[in-house]
Amino acid sequence: MEVEYQHTLAREISLSGVGLHTGCHATVTIAPAPANAGFSFVLADGSRVPATPDAVRSTVRCTRLGSATAAVNTVEHVLAALLGMDVDNAQIVVDGEEIPIMDGSALPFAQAIAEAGRREQRVPRRMLHLRAPFWRRDGDKVLVCVPAPRFKVNFFVAFPPPVGNQFFESQPLTPDYFLREIAPNRTFGFRSEVETLYSQGLARGGSLDNAVVIDRDGYLGPLRFPDEIVRHKVLDLIGDFALLGSYPCCEVIALKSGHALHVAAARELRAPLAAAASAR
Ligand SMILES: [Zn+2]
């Protein structure tokens, strides 16, 4: 079998904008990183945090990572773009408390990565191979992972109208497929929840420019895909699985799951790898 090598970015890229939850302006710079470095964040105070499940501080509405002294919100879209574009190693420097939401999707990150290009590193890619199917359940949320040659994500969501039941079956992920079918799908929220989110200090930077807003009678603004909601859930799951630190050789079937279940699964899937690494 042909060896698959690790990749990093060919050059550094920078993007700026407001954070969805804080509403604050921030710049994120994604820089090349050495082989086996994986993904890591350099936070506003200069502290460093590896993108691992153990660094997750919160999964309420977004995935928040933290060091001992600082934290960063909404890491899932930039991480999804890196894993989706087949990048293994990158350093993400952010000068604020939240990754800019951009247009609410992973497209600006994925396009910037595509424009910068990838550089091959002559070290074999770290792969997560499952010995048997893995599944976790939390109430009516279910996550099943079965061994597969390429990462693939199928998702089922059930929301009140107008979303209703949506099922999306992805093709095995390649950068082209990710860029075209997954990256453009925007984050979403229900109009009825806006007041509550505001009172919790969330969604301060949210607008129709960076989110699909769902009202009882329909969507406020045009959709990019008729099933944009479930496709965005696929995008979020890819971002959370980037915390694995290795390429997921599995097909995922997710039923109504969210960041909390995805991160819990990533922690369990990663555990045997971490143990094997420390025994070496
Ligand atoms: Zn999202």
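The values are calculated or read from the model by the stated rules, or taken from the named source; none is laboratory data. Not measured: the values here are computed from a predicted model. Cβ atoms come from the backbone with ideal geometry, glycine included; neighbour counts cover every protein chain shown.
Which of the residues spanning the stretch 70-86 are buried (at least 24 other Cβ atoms within 10 Å of the Cβ) and either away from the ligand (no atom under 16 Å from the Cβ) or free of Cβ contacts under 8 Å to residues at least 24 places away in the same chain (or both)? Hit for the stretch 70-86 is M85, nothing else.
As a summary of the residue check, P32 satisfies the conditions (1) out of contact with any His (no Cβ under 6 Å at 6 or more places or on another chain); (2) modelled with pLDDT under 95; (3) not small (G, A, S) except for the one numbered (2). As a summary of the residue check, P172 satisfies the conditions (1) within 19 Å of L130 (Cα to Cα); (2) touching a residue at least 40 places away in the same chain (Cβ under 8 Å) except for the one numbered (2). When residues in the stretch 154-172 are screened for being in contact with a strand residue (DSSP E or B) (Cβ under 6 Å, 6 or more places away or on another chain), at pLDDT 95 or above and farther than 14 Å from K256 by Cβ, 3 of them pass. Restricting the stretch 108-131 to residues that are surrounded by 22 or more Cβ atoms within 10 Å (Cβ to Cβ) and not β-branched (V, I, T) leaves a set whose member that is nearest to the ligand (Cβ to nearest atom) is F109.
Among all positions in the stretch 259-270, there is at least one residue which is more than 16 Å from the ligand (Cβ to nearest atom) and closer than 23 Å to I99 by Cα. Meeting the requirement of 1 or more residues that are aromatic (F, W, Y) and within 15 Å of the chain's Cα centre (by Cα), the strands (runs of 3 or more DSSP E) wholly within the stretch 21-130 are 39-42.
Sub-7 Å Cβ pairs linking a first residue in the stretch 222-244 that is on the phi > 0 side of the Ramachandran plot to a second residue that is at pLDDT below 95, at least 6 apart or interchain, number zero.
Filtering the stretch 1-50 to residues that are small (G, A, S) and within 20 Å of V123 (Cα to Cα) leaves A10, A31, A33, A35, A37, G38, S40. None of S58, S67 is touching a helix residue (DSSP H, G or I) at 6+ places or on another chain (Cβ under 8 Å) and either under 25 Å from A265 (Cβ atoms) or within 16 Å of the ligand (Cβ to nearest atom) (or both) except S67.
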